[in-house]
Each structure stands twice: as structure tokens, then as C-alpha cells.
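Nothing in this text is a laboratory measurement; each read-out follows from the coordinates by a stated rule. In this text, all values refer to a predicted model and were calculated from it rather than measured experimentally.
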Amino acid sequence: MAENDIIIRFAMRDDVDKIMDSIKKHWDANHIMASNKDFFLYIFAGNGSEIYMVIAEEQSTGEIVGFFGYIKYSISIFCDIALIF
């Protein structure tokens, strides 16, 4: 693999701070999703370690270079979702 390969994967709770930093850096430092972790988790946290986001992460640095959030309408495996960001 090349040094700047991008990995696309589902986000986990360990990624929340990096996602929020990416929102601050590349979108708006005052955005509520960049500044209020409790609200971020209220919207995007699932059961256990799941976060309702797909992230693109640079493999060599771990930097989040893209993300796409969604909200589930139920806990069913085949539930409806709303797309965000």
C-alpha cells in the first residue's frame, strides 16, 4: 500500500474526537457538532461502540479526510435511515 492510502470504514466511539476536530478544521469551529460532544453523541451514538458515520481516514496519519453521517429510525438491522452532512 502507498503511504497516502485512504481507508473507508464505519466510525467507532474512539473516532469521535478526530471527527469533531475535522469538523472544526474543515467546516466551522463553532458548529455544534464540533463543539458539543454530548450533543454529538446524542445524535450519532449507537449501542456499544458504534457511531452512525462512515469515515474516510488517511492510513499513514489517521487523519479524517471525509465523513458521512446517518441517523437510524429504529434498532432493526434493516431500518430506515436519514443521511446527514
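The length gained by stretching the chain between LEU83 and ALA45 to full extension, at 0.36 nm per residue less their Cα-Cα distance, is 12.2 nm. Spherically averaged projected area of the convex hull of Cα atoms, the chain: 6.0 nm². Proximity of backbone amide H atoms, modeled 1.01 Å from N, is registered between GLY46 and ILE51, TYR52 at under 5 Å, excluding neighbours fewer than 5 places apart on the same chain.
Mean residue ellipticity at 222 nm, helices only, the chain: -7000 deg cm²/dmol; runs of at least 4 DSSP H residues each add -39,500 (n - 2.57), and the sum is divided by the number of residues. Derived scalar couplings between HN and Hα for segment 7-20 equal 10, 10, 7, 6, 6, 10, 4, 5, 8, 4, 4, 5, 5, 4 Hz in order, rounded to whole Hz, by the Karplus curve 6.51 cos²θ - 1.76 cosθ + 1.60 (θ = phi - 60°), x for Gly and Pro. Contact order for the chain, expressed relative to its length and based on alpha carbon pairs under 8 Å spaced 6+ residues apart, stands at 29 percent.
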